[in-house]
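The structure appears below as structure tokens.
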Amino acid sequence: MTPFTIDNLPYGVISTDDNSSKRCAVAFQQFAIDLDLLYRHGFFASIPDLDVNVFANDNWNAFAVLPLRTRATVRARIRCGILDKTVDKAFVPLSSVENHLPMHTYNFSDFYCSLEHAKNCTEVMKLKEMSSNWFSIPSVYNGRTSSLAVSGTPFTRPYGMYPDPQTGAVSFQPESKVDFELEMGVWLSTPVPRGQRVDIARAKEHIFGFTLLNDWSSRRIQGFEMPPLGCFHSKGSLTSVSPWIVPIEALEPFKCERSTQQEPLPVPHLMPQDDAALTYDIDLSVTLLRDEKSYRLCESNLNTLYWTPIQQLAHLASAGEGLSTGDVFGTGTISSSVTNPDGEKMGLGCLVERGLPRTMLKSAPSDLHDTFLKDGDEVIMEAWCRNKMTGEVVFGFGECRGKVLPAVPGSI
């Protein structure tokens, strides 16, 4: 089924062969609805607060800062237009559009907030135990916005510095262990002025919506460069995001409790209450395409994170550094302890976690745990929201996909 049902109506930016201008669109079934065209034809004239054509922009930032009631009115107007077919003149087949990044982003940060993921990585790295601060604050680092790219952008195997596994000699060479990381991207609407913090009870008001996010990782480079300051080139080559932002309003029916309990309890400014205590029930999967064969590598859920997206946002703004409309943060790799009928761990959101005998997956390619991703491999991530009563799919997020290309020799 299509991920873009009438209950979804996600936000994206498109261009077409006959109109190269980037403009805002909403996805519905197999179409993009050109909102710029609708605005110019008076479709939104009944909404007084929408007195400027924010849909002619090449991003959703100007719309995201509008009052929530205005955004809700626009969504209701589009929904009515679908039902009475008055938006049909703005239908553009998704097969004929080029997708672009949905927002202009000033800051990108990436979290490390899955307990299953952290435990496995601690064991893979042969550390004695997890750092105690991991249980006190959501672990996070600042990334680089230049790495952000829309789904479909290929990942070129990077060069970097790391030691030869046999000789130990450090040299500049192509990365030999390319990995994916299954995450969700959380996009911000209302900005946070510098010097101010976000009350966790109101943090959700600053969230515009969610996409899938693949934080491609170079594990050999990462292992050598991390001490003592952390990730740099190992995370800077590419961060893929799905092109359609599912708005926070559409996710309301899928609120749920987290499945991982926090111990010890968070400090007061990270202690969620009532609605802020919830996360979202979103099924996630990763599929590998290799040599014309398909392999399911992961099945997980957003609700397994130890630190929820709401807590992550409250922490992100807690030191008064300020946040901007269009900023995005990755939730961190979303790994869970779920197993398949053979008792194998199916919930692991990256390949580095499968470097342990107890986490290997027999249904995966036999050399996957040694070679990681090969040139020509394609990684496809998907996410779906299901009806809590029936289990039927209500809508999805669309694909976040990327193909690994060979390293490029030489320099310019």
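Mean separation of Cα pairs under 8 Å and 6 or more residues apart, divided by the residue count, gives the chain a relative contact order of 21 percent.
Between T2 and Q173, the distance separating the two model label sites (each 7 Å from Cα on the Cα→Cβ line) works out to 5.0 nm. Entry for the chain at q = 0.08, 0.10 Å⁻¹: log10 I(q)/I(0) = -0.43, -0.68, Debye formula applied to identical alpha-carbon scatterers, no solvent contribution. Put M271, M1 in order of accessible area, highest first, and with a 1.4 Å probe you get M1, M271. Straight distance only, please: which lysines reach the Cα of K204 with their own Cα at less than 16 Å, same-chain residues fewer than 8 apart left out? Within the straight-line cut-off, K204 pairs with K255. To the nearest 10, the accessible area of W384 is 50 Å² with a 1.4 Å probe.
Put H117, H269 in order of accessible area, highest first, and with a 1.4 Å probe you get H269, H117.
Surface calculation, 1.4 Å probe, protein heavy atoms: I137 sits at approximately 70 Å² accessible.
Taking all Cα pairs closer than 8 Å and separated by 6 or more residues, the relative contact order of the stretch 11-100 comes to 40 percent.
Rounding to the nearest 10 and keeping the result within 0 to 90°, find how far the Cα-based axis of helix 115-124 lies from the longest principal axis of the chain. In the chain, helix 115-124 runs at an angle near 30 degrees to the longest axis. Accessible surface for H369 stands near 40 Å², nearest 10, in the context of the full protein assembly shown (1.4 Å probe).
Shape analysis of the stretch 75-165 yields a ratio of the Cα radius of gyration to the Kirkwood radius, Rg/Rh, of 1.17.
Taking only the C-alpha atoms of the stretch 11-100, the Rg (one decimal) and the largest Cα-Cα distance, Dmax (whole number), read 12.2, 35 Å. Using DSSP to define loop residues, name the trypsin sites (Lys or Arg not before Pro) in the stretch 364-412 whose beta-carbon has at most 16 other beta-carbon atoms within 10 Å. Answer by residue number: K374, K388. Under the combined filter of DSSP loop state and at most 11 neighbouring Cβ atoms within 10 Å, the stretch 120-201 retains these trypsin sites (Lys or Arg not before Pro): K126, K128, R194. Quick one: with all protein chains in place, what share of the accessible area of the stretch 108-405 is carbon or sulfur, to the nearest percent (1.4 Å probe)? Carbon and sulfur: 53 percent of the exposed surface of the stretch 108-405. Ordered by 1.4 Å accessible area with all protein chains kept, S318, S131 run largest first as S131, S318. Within the stretch 268-333, the GluC sites (Glu not before Pro) that combine a DSSP coil assignment with at most 14 other C-beta atoms in a 10 angstrom radius are E292, E321.
The values are calculated or read from the model by the stated rules, or taken from the named source; none is laboratory data. These numbers were taken from a predicted model, which means no experiment stands behind them. So basically every Cβ, Gly included, is an ideal-geometry build from the backbone, and we count neighbours across all protein chains shown. Accessible surface is based on the protein model in full, side chains and every heavy atom, while ligands, DNA and RNA are left aside. Shrake-Rupley method; radii C 1.70, N 1.55, O 1.52, S 1.80 Å.
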